[in-house]
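The values are calculated or read from the model by the stated rules, or taken from the named source; none is laboratory data. On a predicted model such as this, the values are computed, not experimentally measured, just so you know. For neighbour counting, all protein chains shown are included, and Cβ atoms are generated from backbone atoms with ideal geometry for every residue, glycine included. Remember, those area values only see protein heavy atoms, side chains included, never the ligands or the DNA or RNA. Shrake-Rupley method; radii C 1.70, N 1.55, O 1.52, S 1.80 Å.
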Amino acid sequence: MRRTVLIVPGLLSEADGDSFLRQSLPALAVLTEIGELRKVAPVPPSETPEAMLLGLGPDQVKLRQGPLTVSAFGFDPPERSTHFHLSLMSFEDGWATKPELMPTPQEVDLLLAEAQRLNTKLLTVLKGEVLDHALVWESLGDMDTANPTGWNRACLANHLPQGDGDTALRRLIDDSINLLSSLELNQRRIDEGLAPFNLLWPWGHGVRTPVPNLALRRGEPAIVESGALRLAGLTRLAGYRHGDRHQFGRGLQTKFRSIANRAMTRDLTIAYIDAAWELRFRDKPEELDWFIRELDRELLQPLLDDHLKSPSRLTLIAPAPIALFKSASMRASETGLAVSADSSVKNANIYPFDERSLEEKSIVSNDLWSLVEAAIAQDG
């Protein structure tokens, strides 16, 4: 039986917010009518919330950003090592910022080839993509590193690494500024009034801890699709395969029809689409409204058409956002909804897939990870 699981956080609004689901969504309406409707319990805080997207409880995996990044880029460093996410940033007059214009692939190749001259016996720079790269320190220790994700402009001296290994990390930061600033492409950017790509910033340090091999545990492989770097890293460690993140698309450019076409050729697909929540975070109601209509027409409809004529299980899970550090003016509901249609089971659901059903006491509530695990089970 083919099983397709779509996880789309942020579809449901808070009780007093505007609903984006009470519009004409033909595929969602049919799926809800023939499927079993469940509530999704609030998502608990977790070091690695992506584990829940694979059907693992929030306490089963504890990996920080660094190990997930290193894995996502396909690297397997020595066991006794500390992994970092390495952000390519800009540094001018004591201030660190995120570049507004992204480097070209050729510029990334040049920058990282130069950056690898900073490698030492214990520190190794690993090439990733665009602004996201990795660093491995072949040692262990307690330290504190600063996550630059929320920075607009930060005083570098106030955020330098502290603790074990801080001397080597600070030297790497200083040397990256000196080395990359001298490159012709950065001198040209400065002359043009653009911020240079001249700072490598290590953060999210952690060690690679054991992750259950889900392919062995569940007895079959699975393909996970998303645009998320962290999920790609975890998927690899869990023994599943993650699709090409660039073919998946991002935001309003999410390639729904291609995702559907690929899913219809496989036994098991998990697709995680975070664009709805991102649009809420950016307070883009018109774009969110359009996005949901496209999701219905270009993703749900072809999958539903296939489901109605072949043995399959099609599941849509709309939990609260797992990016719990964010807030938004268009707040999403903390409780979600899920609907699962199995071609071997006849259902006649009367409740809608929208905020009204969150108040219906007869609808059973389950945790996100248990819903995913049930949706991908071979025996239903």
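See the values below:
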| read-out | value |
| --- | --- |
| ³J(HN,Hα), Karplus 6.51/-1.76/1.60, whole Hz, each residue of segment 273-278, x for Gly, Pro | 10, 9, 5, 4, 5, 4 |
| Inter-part distance where segment 4-23 and segment 264-323 are each reduced to a Cα centre, Å | 11 |
| Contact order normalised by residue count of segment 86-150, Cα under 8 Å, 6+ apart, percent | 30 |
| Calculated Rg and Dmax of segment 1-145 using C-alpha coordinates, Å | 21.5, 61 |
| Square roots of five times the Cα gyration tensor eigenvalues for the chain, Å | 41, 22, 19 |
| Mean projected area in nm² (Cα convex hull; one quarter of hull surface) for segment 232-296 | 4.9 |
| Cα-based Rg and Dmax for segment 47-133, where Dmax is the largest Cα-Cα distance (Å) | 15.5, 47 |
| Residue 370 versus residue 170: modelled label distance in nm, points set 7 Å from Cα along the beta carbon direction | 5.0 |
| Mean accessible surface per residue for segment 127-182, computed with a 1.4 Å probe while every protein chain stays in place, in Å² | 49 |
| Inter-label distance for residue 15 and residue 287, nm, one decimal - labels placed 7 Å from Cα along Cα-to-Cβ | 3.0 |
| Amide N of segment 14-53 lying under 13 Å from the label point, which is placed 7 angstrom from the Cα of residue 334 along Cα→Cβ | 14-15, 41-45 |
| Theoretical ellipticity at 222 nm over the chain - DSSP helices of four or more residues, -39500 (n - 2.57) apiece, nearest 500 | -8000 deg cm²/dmol |
| Per residue Cα convex hull volume in Å³ - calculated over segment 243-380 | 131 |
| Label-point separation, residue 147 to residue 265 (7 Å along Cα→Cβ), nm | 3.7 |
| Sulfur and carbon atoms: percent of accessible area, segment 156-199 [1.4 Å] | 42 |
| Whole-Å semi-axes of segment 84-242's equivalent ellipsoid (Cα gyration tensor) | 30, 19, 14 |
| Phi-based couplings in Hz for segment 344-358 (Karplus 6.51, -1.76, 1.60; Gly and Pro marked x) | 8, 10, 9, 10, 9, 6, 10, 9, x, 8, 7, 4, 4, 6, 5 |
| Largest-first principal axis extents, alpha carbons of segment 1-69, Å | 43, 39, 21 |
| Lys pairs, the chain - Cα-Cα below 19 angstrom, 8 or more residues apart or on other chains | 5 |
| Descending Cα extents along the principal axes, segment 198-244, whole Å | 46, 24, 9 |
| Extension gain, residue 250 back to residue 95 (0.36 nm per residue minus Cα-Cα distance, nm) | 52.9 nm |
| Relative contact order %, segment 155-232, counting alpha carbon pairs below 8 Å whose residues are six or more apart | 20 |
| Mean separation of Cα contacts under 8 Å, 6 or more apart, over the residue count of the chain: relative contact order % | 35 |
| Residue-normalised accessible area of segment 196-266, expressed per residue, 1.4 Å probe, Å² | 40 |
| Cα-only radius of gyration and Dmax that characterise segment 203-324, units Å | 15.7, 49 |
| Carbon plus sulfur fraction of accessible area for segment 21-78, probe 1.4 Å, in percent | 49 |
| Cut-off 19 Å (backbone N to label point 7 Å along Cα→Cβ of residue 350), residues of segment 3-40 | 29-39 |
| Charge sum, other residues only, whose C-beta stays under 13 Å from residue 359's C-beta, Lys/Arg counted +1 and Asp/Glu -1 | -2 |
